[in-house]
Structure formats: C-alpha cells, structure tokens
Amino acid sequence: MSSIFNPESFMNQQVTGSLDTQYIPVPAGDYLAQIEDVKPRKAKDSTILDISWLIGSDQMTPLGQTVQQVTNLPKNTVRQSLFLDITSEGFLDVSKGKNIQLGQLRDALGQNDPQRPWGPSMLKGQVAKVAVSHRMADDGSGKIYSDIKNVRKVA
C-alpha cells in the first residue's frame, strides 16, 4: 500500500517524539541471500569491492523471529567488503596468492572456473548461504554493524 505524499503538507506538519538514530542490525546467523549490488571503490591506497547481500525478510533468525520482525524493515541488506589486489595497469591481479577472498566468493558461487571469462558484474543476482556476524563501530558510539563473515555454496 503506497501513501499519498504532499510536499507542502509535509513541510507544515509537526510531530511529537524523537526518531531512532541507529539501525537494528540483521541478527547474527546463517541465511540464504542474493547479491543485489556490486560496487568498486577507492579508499586511500586500497581498492575495495562492496557487495550488497539481500537477506530474505521472511527468513527465520536464530532467535525464532523473521528478519523483518527483528529489524522492522521490509528490505534487509548486509554489506561484504573485499580488498582487491590490482595490477599497476589497473586490472584485477589473477596471479598466485592474490585476491583470495574474491576467489573464495567466486568458488562459493560456482564462478571460479579458470577456463571461463569472468567479470565482477557477473556476481549480481547470485545466491549463496551467508554467515552474518556483528561488529562494534570503531568510533566508540556503540553502534552495531552486520557484516558477512563467510559465504558458502547452496547445497
């Protein structure tokens, strides 16, 4: 059900009460998930591949509730960030001992065949089992973030 939004009414409305300032993280546990988005980014001297995993809101958490019941969000994503080894020419380094985490992800998705061409955009839409874990923010704020701890093949 969609709501009717009127910008003028919105600007003139008043509410009582405070708004939440932190998201409720996806509970730690194992879930079936689908890659919704893949984006590379530069951070200082590193190249990172951010993978957004969509966790099915109807999936049961280890606490016996659905993800949506716990987070109160209709859509729940958890980010996985992989540091990439890039050649001096700016390409993905495929030499021995490089891009291990990406290799593990590709293997879990059945995309690590050395005889088949591969590109990062091929990750979108893929499904796997993911283990969600939690970490505390480094800034002392007490914020809790959900992370992807590992990815496994769907049996």
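Laboratory data are not the source of any read-out in this text; all were calculated from the coordinates shown. In this text, all values refer to a predicted model and were calculated from it rather than measured experimentally. Don't worry about glycine lacking a Cβ; one is built from the backbone with ideal geometry, like all the others, and counts go over all protein chains shown.
Under 21 Å of direct C-alpha separation, and excluding same-chain neighbours fewer than eight residues apart, residue 153 reaches these lysines: 124, 129.
Expressed in units of 2.2 N^0.38 Å, where N is the residue count, the Cα radius of gyration of the stretch 1-107 is 1.53.
In the stretch 25-152, the DSSP beta bridges split such that about 95 percent are antiparallel, to the nearest 5. Per-residue extension of 0.36 nm, minus the Cα-Cα distance of residue 79 and residue 112, leaves a gain of 9.8 nm for this segment.
For residue 39, the aspartates and glutamates whose Cα comes closer than 18 Å to its Cα, not counting residues fewer than 8 places off in the same chain, are 50, 85, 93, 147. Within the straight-line cut-off of under 19 Å between alpha carbons, the aspartates and glutamates reachable from residue 143 are 20, sequence neighbours fewer than 8 places apart in one chain being disregarded. Counting neighbouring Cβ atoms within 10 Å and putting the fewest first, the residues 116, 79 line up as 116, 79. Under a model in which nothing but the beta-carbon of Lys, Arg (+1) and Asp, Glu (-1) is charged, the stretch 25-155 shows a dipole of about 100 debye around its Cα centre. The label-point distance for residue 39 and residue 9, in a model that sets each label 7 Å from Cα toward Cβ, rounds to 3.2 nm. For the chain, set up a GNM with springs between Cα atoms under 10 Å and report which of 27, 74, 114 has the largest fluctuation. It is 114.
Cβ-to-Cβ counts within 10 Å put 16, 47 in ascending order as 16, 47, the fewest first. Across 76, 12, 99, mean-square fluctuation computed from a Gaussian network of the chain (C-alpha pairs under 10 Å connected) peaks at 12. The sum of -39500 (n - 2.57) across all DSSP H runs of n ≥ 4, divided by the residue count of the chain, sets its helix-only mean residue ellipticity at 222 nm to -3000 deg cm²/dmol. Fewest-first ordering of 106, 135 by other beta carbons within 10 Å of each residue's beta carbon gives 135, 106.
Normalised by the number of residues in the chain, the mean separation of alpha-carbon contacts (under 8 Å, six or more apart) gives a relative contact order of 25 percent.
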